[in-house]
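Trainee: The structure follows.
The values are calculated or read from the model by the stated rules, or taken from the named source; none is laboratory data. Because the structure is a prediction, the values reported are computed rather than measured. Reconstructed Cβ throughout: ideal geometry from the backbone, glycine too, with neighbour counts over all protein chains shown.
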Ligand SMILES: NC(=O)c1ccc[n+]([C@@H]2O[C@H](COP(=O)([O-])OP(=O)(O)OC[C@H]3O[C@@H](n4cnc5c(N)ncnc54)[C@H](OP(=O)(O)O)[C@@H]3O)[C@@H](O)[C@H]2O)c1
């Protein structure tokens, strides 16, 4: 059996998806840069790829906004170091490894001490393949406990622990003055995590780890709503994006279907910026369409 490509997984599911989606009234299809108005944002998984691009656009499009970028090895992210040189005052880089809960707690503590609150939390990290350690499965025969546990730990367990530890800081407004009426938690998921959209199979570990992330995020969103916390907790599918994660699987992506990081993040920030309380617990694709569970 051949290795499924990212585009196969995303695109073959598309026609079914179209029957069960709803277009959001508030979503603008324009790709103009989204303007933010102050506030404190945290991007977890910011060393490269989509996470790094989030940090860049949040800094460039918001002259008053502060950004905390977290990653495993801050000193080896040339992209973050470059942004730190440009936005020294407004960018704070913090070490965080999702597999080490104490590093999540330490980041939360330092954010509390430095800023006191958080208006936006983006969990952007994720793993699909790691040379010699993790390969997306093409058949049940290739499913291994180690792959399942690793992808669950990084793609589902870690992000939800980040939400847990940052929850007390998620507030509307705050000293750095954003006028948003909800704080936003955005967890980067993937369309392949949708059970209703799974007509292709394969990629057991990655797919099910994103399904777990979806369920955990949905569960958290119900609790936020019940406690009347002004937080919109959403899941985002970025499309097929040209990053290290998709590189080994880009072979069959049709022309025009492989997005740049810049385009995808512009779209995702537009969804985040327009997020309302009613969006709490929803799973959106890059174009603002809801994805079935
Ligand atoms: N690219 C796509 O086509 C696509 C499609 C659908 C969904 N997504 C999702 O979008 C998100 C971003 O993906 P991407 O394309 O930007 O991937 P990427 O370029 O491979 O970046 C992955 C990021 O995750 C971080 N990470 C991995 N393990 C970590 C850990 N234990 N602790 C903290 N950070 C860790 C990496 O940090 P290091 O530099 O330290 O390794 C890196 O910053 C992921 O959740 C992915 O599943 C991507």
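Trainee: How many residues does the range 239-283 hold that are within 12 Å of the ligand (Cβ to nearest atom) and part of a loop (DSSP other than H, G, I, E, B)?
Mentor: Final tally of qualifying residues: 12.
Trainee: Does residue 148 satisfy being surrounded by fewer than 19 Cβ atoms within 10 Å (Cβ to Cβ), within 16 Å of the ligand (Cβ to nearest atom), touching a residue at least 12 places away in the same chain (Cβ under 8 Å) and part of a helix (DSSP H, G or I)?
Mentor: So residue 148 fits the description; yes.
Trainee: Here's a follow-up. Going through 236, 213 one at a time, which residue ends up being near the ligand (Cβ under 10 Å from one of its atoms), surrounded by 22 or more Cβ atoms within 10 Å (Cβ to Cβ), assigned to a strand (DSSP E or B) and at pLDDT 95 or above?
Mentor: Only one candidate qualifies: 236.
Trainee: To continue, here is another question. Of the residues 53, 63, which is more than 9 Å from the ligand (Cβ to nearest atom) and outside any strand (DSSP E or B)?
Mentor: Unique residue meeting the criteria: 63.
Trainee: Among (1) within 14 Å of the ligand (Cβ to nearest atom); (2) over 22 Å from residue 241 (Cα atoms); (3) modelled with pLDDT under 95, which single condition is residue 197 missing?
Mentor: Among (1) within 14 Å of the ligand (Cβ to nearest atom); (2) over 22 Å from residue 241 (Cα atoms); (3) modelled with pLDDT under 95, residue 197 violates only (2).
Results for (1) near the ligand (Cβ under 10 Å from one of its atoms); (2) in a loop (DSSP other than H, G, I, E, B); (3) out of contact with any helix residue (DSSP H, G or I) (no Cβ under 9 Å at 6 or more places or on another chain), shown as yes or no for each residue.
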position: 104; (1), (2), (3): yes, no, no
position: 108; (1), (2), (3): no, no, no
position: 111; (1), (2), (3): no, no, no
position: 126; (1), (2), (3): yes, yes, no
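Trainee: Answer yes if at least one residue in the range 261-271 is at pLDDT below 95, crowded, with 20+ Cβ neighbours inside 10 Å, under 23 Å from residue 127 (Cβ atoms) and touching a helix residue (DSSP H, G or I) at 6+ places or on another chain (Cβ under 9 Å), and no otherwise.
Mentor: no
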